[in-house]
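The values are calculated or read from the model by the stated rules, or taken from the named source; none is laboratory data. These numbers come from a predicted model, not from an experiment. As a convention, Cβ positions derive from the backbone with ideal geometry for all residues, glycine included, and neighbour counts pool all protein chains shown. We work out accessible area using only protein heavy atoms, side chains counted, and drop any ligands, DNA or RNA first. Shrake-Rupley method; radii C 1.70, N 1.55, O 1.52, S 1.80 Å.
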Amino acid sequence: MWLLSVLLPLARLYLCGIKVLIYQTFNRSFTLPVLPKQNGRVAIVTGGTRGMGFETARHLASLGMHVVIAGNEEEEGKAAVRKIEEEEEEGSKGKVEFVYLDLTSLKSVRQFVAAFKNKGLPLHVLVNNAGTMLVPERQTEDGFEFHLGLNYLGHFLLTNLLLDLLKRSGRHGSCSRIVNMSSATHYAGVLDLDDLNRRKCYSSHGAYSQSKLALVLFTYYLQEQLVAGGSPVTVNAVDPGMVDTALYNNLWTLAQAMKKPVAKILFRTPAEGASISVYAAAASEMEGVGSCYLYNGEKRESSDSSYDSELQAKLWKKSCELVGLP
C-alpha cells in the first residue's frame with residue numbers, strides 16, 4: 001500500500017510532463033500582444049531575483065511599473081536590480097528595488113508586508129511566482145512540509161495580508177491583479193486535508209503537485225469572495241509550461257544529465273515562461289477577468305478537483321488556521 005501511494009502520484013506526474021512536452025513541441029512559445037504602459041502602477045514579484053521571476057520583474061519594469069523584487073538572497077537581489085536598471089537606460093523608465101522575503105517563514109512574510117506598507121505605496125499587481133520543486137523531505141521553520149510552506153502557505157498569507165491594499169489601489173476599469181504561478185503538475189495533485197504536511201507517506205513529487213493544486217483552489221475561492229464583495233481585484237493562475245530553470249536542480253544526478261539535452265530543445269526559456277505571468281499582470285485583454293487557469297495566453301480547464309467548491313472552502317479554512325489568520 002505504501003509503495004502504491006508513492007508510485008501512483010509519480011506515474012501521474014511523469015505522464016503529465018510527457019503530455020506537456022509533446023504539446024510544447026508543436027506550440028513552442030506564446031507571443032505577447034502589445035502591452036499598455038504601466039506608469040504609476042506598483043507590482044510585487046516573489047522570487048524575482050532569477051529565472052521566470054526575474055524576467056517577469058524585468059518586463060513589468062520596462063513597461064514603466066515600479067517593481068518590488070521579493071526574495072531571500074540579498075546579494076542576488078541587488079544584482080538583479082542593477083541588471084534591470086542597466087537595461088532600462090535605453091528604454092522606458094520604471095523603478096525596481098529589492099526587499100527581503102523568506103516565504104518559508106511566516107514571521108518573515110509579516111515583516112515584509114510591514115516593510116512594504118511603510119513605504120506608503122499603492123499595490124496594483126502581486127505576482128506569486130516563487131517556488132521550489134522536488135526537494136527531499138524537510139520542514140519550514142514553522143513546521144510545514146517545505147513545498148506546501150514555500151509554494152502555497154507563504155503566498156496564501158502574503159496575499160491575504162496585502163489584500164486590503166490591493167482593494168484600495170484598484171478601481172473598476174483598472175483592477176488590481178493577483179497572479180498565482182501554478183503548473184500542469186497540479187493535474188496529478190491529490191489534496192489530503194488531514195495530512196497536508198505529508199507525514200504519513202512522503203513523496204517529493206506528490207508534495208510538489210499538491211502545492212500547485214492548492215494554488216489553483218486558492219485562486220478560484222479568493223476570486224469568488226472578491227466578486228461577492230464587489231472588490232476591484234482579479235485573481236488568476238498561470239501555467240508557464242516546462243521551463244528550463246533552477247527548479248530542476250533537485251533532480252537526481254542521472255535525471256539531470258538526461259534532462260539537459262532535452263531542455264535545450266523542448267523546454268521554454270525563462271523569458272518564454274514568464275510571458276504568461278506578464279500577460280496576466282498587464283494585458284488589456286485581462287482587465288476585469290479573473291478565475292482563469294491560463295496557458296499560452298488562453299483560458300484552459302484545470303483539474304476536475306480544482307473546481308470542487310467544498311474542497312476550496314475547506315482548504316481556505318485550514319490554511320487560515322495554519323498561518324494564524326482569523
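Taken over the stretch 124-160, the criterion of being touching a Leu at 6+ places or on another chain (Cβ under 8 Å), buried (at least 24 other Cβ atoms within 10 Å of the Cβ) and either in a loop (DSSP other than H, G, I, E, B) or at positive phi (or both) is satisfied by His124, Ala130, Gly131.
Contact map, the stretch 64-88: first residue outside any helix (DSSP H, G or I), second residue among the polar types (S, T, N, Q) and surrounded by fewer than 15 Cβ atoms within 10 Å (Cβ to Cβ), Cβ cut-off under 8 Å, separation 6 or more or different chains; pairs are Gly64/Asn39; Gly64/Ser92; Met65/Asn39. Taken over the stretch 275-289, the residue count meeting the criterion of being in contact with an Asp or Glu (Cβ under 9 Å, 6 or more places away or on another chain) and of a type outside the set (Phe, Trp, Tyr) is 4.
Would you confirm whether any residue within the stretch 298-308 is within 30 Å of Gly40 (Cα to Cα) and either at pLDDT 95 or above or out of contact with any Asp or Glu (no Cβ under 9 Å at 6 or more places or on another chain) (or both)? Yes; the residues of the stretch 298-308 include at least one that is within 30 Å of Gly40 (Cα to Cα) and either at pLDDT 95 or above or out of contact with any Asp or Glu (no Cβ under 9 Å at 6 or more places or on another chain) (or both). Would you check if there is a residue in the stretch 181-199 being buried (at least 23 other Cβ atoms within 10 Å of the Cβ), part of a loop (DSSP other than H, G, I, E, B) and out of contact with any Ser or Thr (no Cβ under 7 Å at 6 or more places or on another chain)? Yes - at least one qualifying residue is present in the stretch 181-199. Just give me the residues in the stretch 279-315 being under 21 Å from Pro232 (Cα atoms), touching a residue at least 40 places away in the same chain (Cβ under 8 Å) and not aliphatic (A, V, I, L, M), in sequence order. Matches in the stretch 279-315: Tyr279, Ser284, Glu285, Glu287, Gly288, Gly290, Ser291, Cys292, Tyr293.
The rows are residues; the columns are (1) in contact with a strand residue (DSSP E or B) (Cβ under 6 Å, 6 or more places away or on another chain); (2) more than 16 Å from Leu158 (Cβ to Cβ); (3) not basic (Lys, Arg).
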site	(1), (2), (3)
Lys83	no, yes, no
Glu86	no, yes, yes
Gly94	no, yes, yes
Ser105	no, no, yes
Val109	no, no, yes
Pro122	yes, yes, yes
Asn129	yes, no, yes
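Scanning the stretch 231-262 for residues that are open to solvent by 40 Å² or more (accessible area, probe 1.4 Å) and either modelled with pLDDT of 60 or more or farther than 24 Å from Leu158 by Cα (or both) turns up Asp244, Asn249, Asn250, Trp252, Thr253, Leu254, Gln256, Ala257, Met258, Lys260, Pro261, Val262.
All conditions in (1) within 25 Å of Glu287 (Cα to Cα); (2) open to solvent by less than 10 Å² (accessible area, probe 1.4 Å) hold for Gly94, with the sole exception of (2).
For every residue, the table says whether it meets (1) of a type in the set (Val, Ile, Thr); (2) under 25 Å from Arg171 (Cβ atoms); (3) at pLDDT below 95.
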residue: Ala43; (1), (2), (3): no, yes, no
residue: Thr46; (1), (2), (3): yes, yes, no
residue: Gly53; (1), (2), (3): no, no, no
residue: Met65; (1), (2), (3): no, yes, no
residue: Glu87; (1), (2), (3): no, no, yes
residue: Leu101; (1), (2), (3): no, no, no
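One residue stands out among those in the stretch 211-227 that are open to solvent by less than 10 Å² (accessible area, probe 1.4 Å) and aliphatic (A, V, I, L, M): the one that is nearest to the chain's Cα centre (by Cα), which is Leu215. Filter the stretch 273-295 down to the residues that are surrounded by fewer than 21 Cβ atoms within 10 Å (Cβ to Cβ) and either hydrophobic (A, V, I, L, M, F, W, C) or out of contact with any helix residue (DSSP H, G or I) (no Cβ under 7 Å at 6 or more places or on another chain) (or both) and list them by number. Across the stretch 273-295, the qualifying residues are Ala283, Ser284, Glu285, Met286, Glu287, Gly288, Val289, Cys292. Here the stretch 100-148 is the region considered, the condition is being hydrophobic (A, V, I, L, M, F, W, C) and without any contact (Cβ under 8 Å) to a residue 40 or more places away in the chain, and the residue that is farthest from Val190 (Cα to Cα) is Ala115.
Answer with yes or no whether Ser275 is of a type outside the set (D, E, K, R), part of a loop (DSSP other than H, G, I, E, B) and under 27 Å from His66 (Cα atoms).
Numbers: of a type outside the set (D, E, K, R): yes; part of a loop (DSSP other than H, G, I, E, B): no; under 27 Å from His66 (Cα atoms): yes.
Criteria not met by Ser275.
For Ser306, the requirement of being under 22 Å from Lys37 (Cβ atoms), of a type in the set (Ser, Thr, Tyr) and either in a helix (DSSP H, G or I) or touching a Lys or Arg at 6+ places or on another chain (Cβ under 7 Å) (or both) is not met.
In the stretch 228-240, is there at least one residue being part of a helix (DSSP H, G or I), in contact with a strand residue (DSSP E or B) (Cβ under 6 Å, 6 or more places away or on another chain) and among the β-branched types (Val, Ile, Thr)? No, that holds for no residue.
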